[in-house]
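Here's the structure, in structure tokens; my notes come after.
Computed from the coordinates by the stated procedures, all read-outs in this text should not be read as laboratory data. The model shown is predicted, which means the values in this text are computed figures rather than measured ones. Cβ placement follows ideal geometry from the backbone for every residue including glycine, while neighbour counts extend to all protein chains displayed.
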Amino acid sequence: MIEKNQIIEKSTGLMRSFGIKSISMDDISSSLGISKRTLYQVVTDKNQLIVQILESEYFKAKNNLTNISEQSNNPVEELIRINLFMVKFIQAMNPVAVYDLTKYYAELYEHWRLEFHDLFMVMIRANIKNGKLEGLYRNDINEEVIAQLHAERIEKLKEENMFWGAEAKSAETIKEMTTYYLRGLITDKGEPLLNKYLQEFSNYLNE
């Protein structure tokens, strides 16, 4: 019997490449080399499959963000790495697939959009709080307000398809966006760290 994660992985790849509406259960079963009957023994229908794909993507993102938090040496490094992850996450989206989700699976899209938003908010709030405690971020900033503004900024970029143009995919664009945000948070104590990690960030983007 084929494993569910194999179906989810293959389906995710197909829908990222061609969109959601254009991919049928026949396409998925054919690409896996199994019968549609076998496929339906694992997933009830396409709607359930999409739910499982979105759930899988959410937990992958959550695990990645948790690893970033645990492996970062300080809040400045953590925030830069979170921004890099979110940018790459958005860039990996196919605008056709996002459009299909919003049009044909609107309730599912909204549910998981809010789940991702809340996850991002938790990470940013904690980061700002820790940065203030370590004297790396300004004490006079409100972590709730700043986290909300940053989350909305990321969401706006996705909605406007900003990252789907050639110019927006450039390393310089991504670096400048991150720099602009962090300069508003950082203290004199955090400035050397910011410059250090921004340079590493830039080098990574240009690889």
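How large is ³J(HN,Hα), in whole Hz, for each residue of the stretch 125-133 in order, when computed from phi with the Karplus curve 6.51 cos²θ - 1.76 cosθ + 1.60 and θ = phi - 60°, using x for Gly and Pro?
4, 5, 4, 5, 4, 5, x, 5, 4
In what sequence do Ile2, Ile50 fall when counting other Cβ within 10 Å, fewest first?
Fewest-to-most Cβ neighbours within 10 Å comes out as Ile2, Ile50.
Given 0.36 nm per residue, what is the gain on full extension from Leu114 to Asp188 after removing their alpha carbon distance, in nm?
Additional length available on full extension: 23.1 nm.
How large is the helix-only mean residue ellipticity at 222 nm for the chain, computed as the sum of -39500 (n - 2.57) over DSSP H runs with n ≥ 4, divided by its residue count, in deg cm²/dmol to the nearest 500?
-25000 deg cm²/dmol
Considering the chain as a Gaussian network with a 10 Å cut-off on Cα pairs, which listed residue, Leu49, Leu194, Leu32, attains the greatest mean-square fluctuation?
Among Leu49, Leu194, Leu32, the largest GNM mean-square fluctuation belongs to Leu32.
Output wanted: per-residue J couplings in Hz (rounded whole) for the stretch 107-117, from phi through Karplus 6.51 cos²θ - 1.76 cosθ + 1.60, θ = phi - 60°, x for Gly and Pro.
5, 4, 4, 5, 4, 6, 4, 5, 4, 5, 4
Mind telling me which of Gly33, Gly19, Gly190 comes out most flexible in a GNM of the chain, alpha-carbon contacts under 10 Å?
Gly33
First check a/c for the stretch 1-43, with a ≥ b ≥ c the square roots of the eigenvalues of its C-alpha gyration tensor; if it is under 1.5, answer rounded, and if not, answer prolate when a/b is larger than b/c or oblate otherwise.
prolate
When the label point is put 7 Å from the Cα of Ala92 along its Cα-to-beta-carbon vector, which residues of the stretch 53-82 have a backbone N closer than 15 Å?
Flagged as within label range: 53-68, 82.
How do Ser31, Ser72, Ser11 line up, fewest other C-beta atoms within 10 Å first?
Ser31, Ser72, Ser11
With +1 on the Cβ of every Lys and Arg and -1 on the Cβ of every Asp and Glu, and nothing else charged, how large is the dipole of the stretch 1-153 about its Cα centre, in debye rounded to the nearest 20?
Roughly 340 debye, rounded to the nearest 20.
What residues qualify as long-range amide H neighbours of Tyr137, i.e. H under 5 Å apart, gap of 5 or more or another chain, H built at 1.01 Å from N?
Residues meeting the amide H criterion: Lys132, Thr187.
Just order 126-137, 84-95 by mean Cβ neighbour count inside 10 Å, highest at the front, would you?
The most tightly packed comes first, giving 126-137, 84-95.
Using the Kirkwood radius over C-alpha pairs as Rh, can you work out the diffusion coefficient of the chain via Stokes-Einstein at 4 °C, viscosity 1.567 mPa s, in µm² per second?
This corresponds to a translational diffusion coefficient of 69 µm²/s.
Less than 11 Å Cβ to Cβ from Gly135, Lys/Arg counted +1 and Asp/Glu -1: what total charge do the surrounding residues give?
Taking every other residue near Gly135 into account, the sum is +1.
Dipole of the stretch 1-43, Cα-centred, from +1 at each Lys and Arg C-beta and -1 at each Asp and Glu C-beta, to the nearest 20 debye?
It works out to roughly 80 debye.
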